[in-house]
Amino acid sequence: MSSKEPHSKRPANTAFKQQRLKAWEPILTPGPVIISFIIIGIVFIPIGAVMITASKDVVEKIARYDNLDECSVGSVCNVTINVDQEMKAPVYLYYRLENFYQNHRRYVKSRNDDQLRGVIVKDYSALQDCDPLKSEGDSQDPSKFYLPCGLIASSMFNDTFIMRQGNKTVPLQKEGIAWTSDKEKKFKNPPADAPGIRIIPDFEDEDFIVWMRTAGLPDFKKLYRIINQDISGEVTIQVTSNYPVDSFDGKKYIVLSTTTWIGGKNPFLGYAYVIVGCICFVQGIAFFIKHKVSPRKLGDPKYLEFSK
Amino acid sequence: MTLKQRILRRKKARPSYPIVDVNNRLTNKGKGFKVNEISTTKYNRYNFLFKNLYEQFRRVTNIYFLAICIITLIPSISPLSPATSLIPLIFVLVVTAIKEGFEDFRRYQADSESNNREYLVWDGTAFSKVKSKDIQVGDIIKILNHQPFPSDIIMFNTNLDDGICYVETSQLDGETNLKMFKANQETNTLAEDQLVQLKAQVECELPNNNLYKFKGKLMIGEQSYSLSEKQLMLRGAKLRNTDWLIGVVVYCGKDTKLSLNQKNPPSKFSTVEKRLGRSVIGIFCFKLVLVLIGTTLGTIFHERTGKDSWYLWRHDGYLESDGIGLTIVKRFVSYFAILSFLIPMSLMVTLEVVKVSQAKFMEWDKFMSYKEKGTPIDETGATVQPVKKYMSVKNSNLNDELALVKYIFSDKTGTLTENKMVFSKCSINGAMFNNAINGELYEYLQKGQDDGVYQFLFNLSICHAAVVENSNTTEDQLNIANIKYQSQSPDEVALCDAAKFNQFIFVNRSTTHVYINVMGQQVAMELLAIMEFSSDRRRMSILVKDPQSQKILLYSKGADSVMMERLSQQEKSGALLQKTIEHISEYSKEGLRTLLLCRKEIPLQVYEDFASRYHNASTLIEHREEEMERLQDEIERDFDLLGCTAIEDKLQDGVPEAIDYLLKSNIKVWIITGDKQETAINIGYSCKLLQSHVPVVIINATSTEQCQEQINEIISTHIQGQDHHKISMVINGESLTFVLKDHGDAFLRIASRCHSVVCCRVTPLQKALIVKLVKTSTKQVCLSIGDGANDVSMIQEAHIGVGIFGNEGTQAARASDYALLRFRHLTRLVTIHGRYSMVRNSLCIKFSLYKNMAFFLVQFWFSIFSGWTSQTLYLDWLITLFNILYTSVPPFFIAVFEKDINETQIEKNPGVFKDVQDCHLFKYRTIFSWLTGAFYHSLVFFFGIYFLLYNDDVVNQWGKIGGLDMMGSFTSTFAALTILFKATIEIKNWNVIVHIGVWGSMLVYLIIALVLNAIITQIPLMYMVFNFNMSLLKFYLMVIIMIFIALLPDFSIKFYRRMLYPKEKHILQEYYVMKVKDNKSPDVELTSMK
């Protein structure tokens, strides 16, 4: 039987049990709110302005090449970019794909990170995620396993670019295009005698590592090379086009871009700060005026309907 | 015999229980008697897992999430890893199982204690110790003083004269007074060694749950004797004041009346809970719409683009894409799974834990505790210090419903009053005595006068069912003045005491005699019959024979209306009655309870005729009560009037203030009492229910037509006019019967305008009917409060039942949802705890719905850009831990600690209760606006990150690109933080625990994120992503601005509402913070509430 009698044991008469713990009871009073609105405005607008300027300072040159006749798959072509504004070193060379769903559920999961870390995977069921590209003929024999397995590795972007200015080849730096943590820990070559069918010869290849970090949106850029010299005037990029995108209406671009402290050319963050700052500032001022013209006395019992 | 005849025969056949052979275990075997081992547990250690899971999966939400889990177990279609839904489900199941298991273990402990208690059972040669669980039907058992009965037992004899014994039944019905029981005359003469040799059989009725009725037959040889509830000792009761008792076990284990009475009370659900249920269904429908949209567009995408994307479908050199049918199924199932979290799985468990905690805080509340005045006496007779007692919550489901109360129905006696009766005045033979309690009547007799005073006092001392405490020491009554009486009715104690103070001292009652001490002389009246009091009869009588004069006398007392009809014709027309009626109405106006005392002499032959018929009736098995009642009715007539008594029942402390506060809180208070109209009106005024500035309308019709007339008149004068003034109503029980039958609607038109209502002369049955009428036709939340057994129906009928632990036992308290000690605590329970529970639960629920919607709807927006594939944006682990770790604490703490207005302000401003009363805190509109907010936030979260990465996903000055994992970790970070900051905007009461809870949750998120991003082997995708984020300036700038974009509208709207359209609660918050808090300590206490 549960307790039927009134509770007669004496509970400790503590602030906790009596729900009388000291408490901070903040309320939105006009003074602090107006001041915070104005301060936020004053702080956010300049921050935003600085970011917009930074974004404007970025020089970005973009050129689509998959639609050029000479750049069809299997051919080598030249794409000319006119850099009318000087691009200060370092300049970054990207390739950009559009309408390419690297974030497709089927695609994202289709990898095996153990393999990529150089671990020899012998268990066929461990390759489950790599479906549909686990092994040749879906064989359970480790020597038929794809190395690495999965859709991502097998569809690695394989156009190559050589950059020329005038007759000179511009040196392109490959080191440092991937994340350091990826290069150090996530990608390691398997032992040379590891069984399996090699899809990618070198797992530590930074181009491969960059490709394996799948993009979040269907239109994305990937870092290809770093150019350690200033660029201005006309540059020619020789493209070896191997990568088919026509079947799914994809687009391929070459992008040259400088960076600032905030990254590339994207004014969104700057505008967001300016707009939020302005809204806060205007609200602050509006309320300041309202508060001065017809203030509502705080805690005035005349507003209590029941006491009328 | 035709089938029909057979059925009829079967119906007529009296259902009977197999006959019990006394002291013969062999022949009792196989008769289907239950064992005495009791088990109130739901589970045992073997079936716990299985049965508990079965119970839990009867909840729709659990089945729903189980279905989601099964979906996630199919890797080819699931967008989530199984852990994401499995871990939260297991968490919910485990928490519930632990709670259930703990409760069940406590039941098991209690069971095993009573199962293993040892009793003396006759084993053929001697009484030997047997464990309670091994006792069987038919065993002869010996119970010792203070032992609880292990099963239902027919007693044969005790150590006391005439085989009487005293029993305490507080475990059964909560009544603490001792009750006297008496063995049959046929067995109470037998000695112990004769009893154990007894060859007898007992025939009992089928086991049933009526505690107060029993019929049976004892068959010894050819003779059979009737058995009644007077011989049946019930399991759960305790033997007191009696050294031993011998009897035979008749009902065991589950057949005992106690077990048959242990039913679960009907479960009540609060408005908030019902609305939550429907809101969840609404969200589910919304989810289905999204799923269908996702499936359709996903299939279209697949047909147009998806299946041509070679990088998605290559397989050993050829392309192998899904057909349209498979695509539809895959999309549907995966959207169904990924959007499952729009419904917060943990909310139901959170709410259960929350309500239990709220109940604990109510029980701990010192302002709802009470320390009895005076010094009670414990079992050994020593006085003990009074203990502070606390209220108890029986059904925490209704915590928030308390805030919606619109009608309170209150019993009067014991609820509003102390139920400590004090004999105040009396009228004897037309003369009024105001000081009888101080021996005025004794002095009057001493002066040699009489005028009926002697008979009056004689009646007082003899005509009652009270018991003398420790009456087994009657032999030498050295200290008669210290005699204490116990009775089910406190009125009787007051009457006995009054007689005692006038030297008419009731000493003892045996089965054959009543002993009283009349002014120092022992008088032993031969007891012939007691005709007990019942709420239907409203009178009691005692039939005695004076041994000296050999006269047969019937003494009687009862309610004046009942007794007046039973006076002799001569009295009815006499002046004495007129005078007495005048006195009665005078007493009533003072709010006193009156009783009429009568007496009559019965001629011997009339008595003899009556006695034989009465005896026959008493041995009937069928229709015994009806027959006896008919005979009682026959003899209780033609009385001579002795006088009337007036008993005062003081109002409890703080009742007028509490009622005044409740009325000001926009709660309509109805008092339902059996008192006369004058008494009721008087009490109405004294407890401020009726107030001089509020006109009172009275309905006291004697026919349904008159009732109609009165109602029409009230409507035309008070209701139809332009002037909407308040009115109060008084209605009597007779009119109520007409109202309940014919004029319900018109009556409610008046009642809904009434500030307060007094219902007088109401029968217990009507109490529940009134509540039902108001409940069903106004659809408002009704609360009933009462203390006695007759209030139980009303308490169970109302939405919320409140019981008062009273002198009339704890039956009402046990049937209630909340059991209080005093009426005045009701204001605190309703307006403070009820209000806070409402504020807390509604905010907790709204916030939980909001957070899941805001966080997980992002998945849908993202899927637009991932080819409608329901790829998750967030890391699986963050999804898993979202509901059980880093956003679960704030809603829980809100639901335990939140206060919208400080207590002191609520106490001072009863009107502020209106603020919560219409449930606007949890209207569908309110929920919808919260969900709209969540919708907006989800858009902000997703499109914020979308525009940040749109056309340019370069994240730092070294030209690095983020990718999907970084995008997800950005989003989950600012989404989680925004959700937690949203809680900070809503919380009004920040104590140290809340601070820890909210800021701690943010810290927990960051810690989780850092930990997850360091485990390369298990979560390679996340490896170092969060660390990378932390190195980016963009990350911090992004998190800050996203929180601002999301919360700026929420914050601004809150501020504008407060400034431009302030509500009462805003004003009181300001008033408190600006005026009260700085000057005084927040512990200001208001007298009306303590």
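The values are calculated or read from the model by the stated rules, or taken from the named source; none is laboratory data. On a predicted model such as this, the values are computed, not experimentally measured, just so you know. Cβ coordinates were reconstructed from backbone atoms using ideal geometry, including for glycine residues, and neighbour counts include every protein chain displayed. Remember, those area values only see protein heavy atoms, side chains included, never the ligands or the DNA or RNA. Shrake-Rupley method; radii C 1.70, N 1.55, O 1.52, S 1.80 Å.
Residue B:527 accessible area, nearest 10 Å², 1.4 Å probe?
30 Å²
Please pull out the direction-averaged projected area of the stretch A:256-308, using the convex hull of its alpha-carbon atoms, in nm² to one decimal place.
For the Cα atoms of the stretch A:256-308, the hull's average projected area reads 6.5 nm².
Between residue B:318 and residue B:292, take the C-beta separation as r, use R0 = 30 Å, and let me know the FRET efficiency to the nearest 0.05.
The value I calculate is 0.35.
Straight-line reach from residue B:500: which aspartates and glutamates fall under 17 Å, measuring Cα to Cα and dropping same-chain residues less than 8 apart?
Here the aspartates and glutamates satisfying the reach criterion relative to residue B:500 are B:440, B:443, B:469, B:491, B:492.
Let me know the Rg and Dmax you get for chain B when you use only its Cα atoms, in Å.
Every Cα atom of chain B included, Rg and Dmax give 36.8, 129 Å.
What net charge do the residues around residue B:972 carry, taking every other residue with its C-beta under 12 Å from that of residue B:972, with Lys and Arg at +1 and Asp and Glu at -1?
Summing Lys and Arg as +1 and Asp and Glu as -1 gives -2.
Can you tell me what percent of all Cα-Cα pairs in the stretch B:37-134 are more than 16 Å apart?
Beyond 16 Å sits 68 percent of the P(r) for the stretch B:37-134.
Within 10 Å of each Cβ of A:276-284, how many other protein chain Cβ atoms are there on average?
Numbers: counts 5, 2, 0, 5, 4, 0, 0, 5, 0.
If you average over the peptide's residues, the count of other-chain Cβ atoms is 2.
Please state, as a whole number in µm²/s, the translational diffusion coefficient that the Stokes-Einstein equation yields for the stretch A:179-308 at 20 °C and 1.002 mPa s, with Rh defined as the Kirkwood radius across alpha carbon pairs.
Value of D from the Cα-based Kirkwood radius: 97 µm²/s.
When only DSSP loop residues count, what chymotrypsin sites (Phe, Trp or Tyr not before Pro) in the stretch B:840-925 have their Cβ near at most 14 other Cβ atoms within 10 Å?
For chymotrypsin sites (Phe, Trp or Tyr not before Pro) across the stretch B:840-925 that sit outside H, G, I, E and B with at most 14 neighbouring Cβ atoms in 10 Å, the list is empty.
Evaluate the distance, in nm, between pseudo-label points positioned 7 Å from the Cα of residue A:293 and of residue A:168 along their respective Cα→Cβ axes.
6.7 nm
Return the subset of B:664/B:772; A:88/A:186; B:420/B:741; B:851/B:1065; B:425/B:600 for which the Cα-Cα distance in this structure is over 29 Å, preserving the input order.
A:88/A:186; B:420/B:741
Would you work out the charge dipole size for chain A about its Cα centre, treating the Cβ of every Lys and Arg as +1 and the Cβ of every Asp and Glu as -1, and quote it to the nearest 20 debye?
Its charge dipole is roughly 2380 debye.
Pairs B:268/B:360; B:287/B:923; B:389/B:779; B:133/B:388; B:688/B:899: which are spaced more than 25 Å apart, C-alpha to C-alpha?
In this structure, B:389/B:779; B:133/B:388; B:688/B:899 lie more than 25 Å apart at Cα.
Over all directions, what mean area does the Cα convex hull of the stretch B:796-888 project, stated in square nanometres?
9.5 nm²
The protein assembly as shown: D in µm²/s via Stokes-Einstein (Kirkwood Rh, Cα pairs, 25 °C, 0.890 mPa s)?
The diffusion coefficient I find is 64 µm²/s.
Need one number: the % of Cα-Cα pairs in the stretch B:135-261 sitting beyond the 27 Å mark. Walk me through the numbers before you get to the answer.
Working: 718 of 8001 pairs.
Taking all Cα-Cα pairs of the stretch B:135-261, the fraction more than 27 Å apart is 9 percent.
Compute and list, largest first, the equivalent-ellipsoid semi-axes of the stretch A:55-268 from the alpha carbon gyration tensor, each √(5λ) rounded to a whole angstrom.
34, 18, 16
For the stretch B:67-210, which whole percent of the accessible surface, found with a 1.4 angstrom probe, sits on carbon and sulfur atoms? Let's see the in-between values first.
Working: 3400 of 6100 Å².
The C+S portion of the solvent-accessible surface of the stretch B:67-210 is 56 percent.
Less than 22 Å apart at the alpha-carbon level, and either on another chain or at least 8 residues along: which lysines does that give for residue A:252?
Within the straight-line limit of under 22 Å, residue A:252 reaches these lysines: A:61, A:174, A:221, A:222, A:265, B:307, B:960.
For the stretch B:739-795, what does the equivalent ellipsoid look like in terms of its semi-axes, each the square root of 5 times an eigenvalue of the Cα gyration tensor, given largest first in whole Å?
19, 13, 11
Between the helical axis of A:30-57 and the dominant principal axis of chain A, each derived from Cα atoms, what acute angle in degrees is found, rounded to the nearest 10?
For A:30-57 against chain A, the angle is about 10 degrees.
Farthest toward the dipole's positive end in the protein assembly as shown, which of B:748, B:246, B:323, given Cβ charges of +1 (Lys, Arg) and -1 (Asp, Glu) about the Cα centre?
Towards the positive end, the residue furthest out is B:323.
Could I have the simple spin-label model distance between residue B:932 and residue B:779, label points 7 Å from Cα toward Cβ, reported in nm to one decimal?
2.3 nm
Explain nothing, just the number: dipole magnitude of the stretch B:37-134 about its Cα centre with +1 on each Lys and Arg Cβ and -1 on each Asp and Glu Cβ, in debye rounded to the nearest 20.
Roughly 200 debye for the stretch B:37-134.
Compute the FRET efficiency between residue A:36 and residue B:918 as 1/(1 + (r/R0)^6), taking r as their Cβ-Cβ distance and R0 = 56 Å, and round to the nearest 0.05.
0.95
Sorted from largest down, what three extents in whole angstroms do the Cα atoms of the stretch B:545-676 have along their principal axes?
64, 43, 27
Take chain A, connect every pair of alpha-carbon atoms lying under 10 Å apart with a spring to form a Gaussian network, then pick out the residue of A:63, A:192, A:89 with the largest mean-square fluctuation.
Looking only at A:63, A:192, A:89, the largest GNM fluctuation is found for A:192.
On the full set of protein chains, 1.4 Å probe, figure out the accessible area of residue A:69 and give it in Å² to the nearest 10.
130 Å²
Within chain B, which DSSP H helices have Cα atoms that stretch 20 Å or more along the helix axis and a mean Kyte-Doolittle hydropathy of at least -0.5?
B:82-115, B:271-304, B:324-338, B:347-364, B:575-589, B:764-778, B:835-864, B:924-949, B:964-986, B:992-1012, B:1033-1060
From the mean inverse distance of alpha carbon pairs (Kirkwood) and the Cα radius of gyration, derive Rg over Rh for the stretch B:655-741. Present the calculation step by step, with values, prior to reporting the outcome.
Details: Rg = 13.7 Å, Rh = 14.0 Å.
With Rh from the inverse mean 1/r over Cα pairs, Rg/Rh is 0.98.
Using a 10 Å cut-off around each Cβ of peptide B:1028-1035, what is the average number of partner chain Cβ atoms that fall inside?
Average neighbour count from other chains, rounded to a whole number: 2.
Give the aspartates and glutamates whose C-alpha is closer than 20 Å to that of residue B:767, dropping any in the same chain fewer than 8 places away, or say none.
Cα-Cα hits under 20 Å: B:411, B:536, B:675, B:678, B:734, B:742, B:745, B:787, B:791, B:797, B:808, B:817.
If you take the beta carbon distance between residue A:82 and residue B:1027 as r and set R0 to 41 Å, what does 1/(1 + (r/R0)^6) give as a FRET efficiency, to the nearest 0.05?
0.55
By how many degrees, 0 to 90 and rounded to 10, does the Cα axis of helix A:268-293 deviate from the longest principal axis of chain A?
Once rounded, the angle reads 10 degrees.
Taking a probe of 1.4 angstrom, what is the accessible area of residue B:329 in Å², to the nearest 10?
80 Å²
Tell me the Kirkwood hydrodynamic radius of the stretch B:950-1090 in angstroms, computed as one over the mean inverse distance between distinct C-alpha pairs. Don't skip to the answer; put the middle values down first.
Values: mean 1/r = 0.0535 Å⁻¹.
Its Kirkwood hydrodynamic radius stands at 18.7 Å.
Taking every eigenvalue of the Cα gyration tensor of the stretch B:13-69, multiplying by 5 and rooting it, what semi-axes result, largest first, whole Å?
They are 44, 15, 8 Å, listed largest first.
Averaged across the residues of B:389-396, what count of C-beta atoms belonging to other chains lies within 10 Å of each residue's C-beta?
Per residue, the number of nearby Cβ atoms from other chains is 3 on average.
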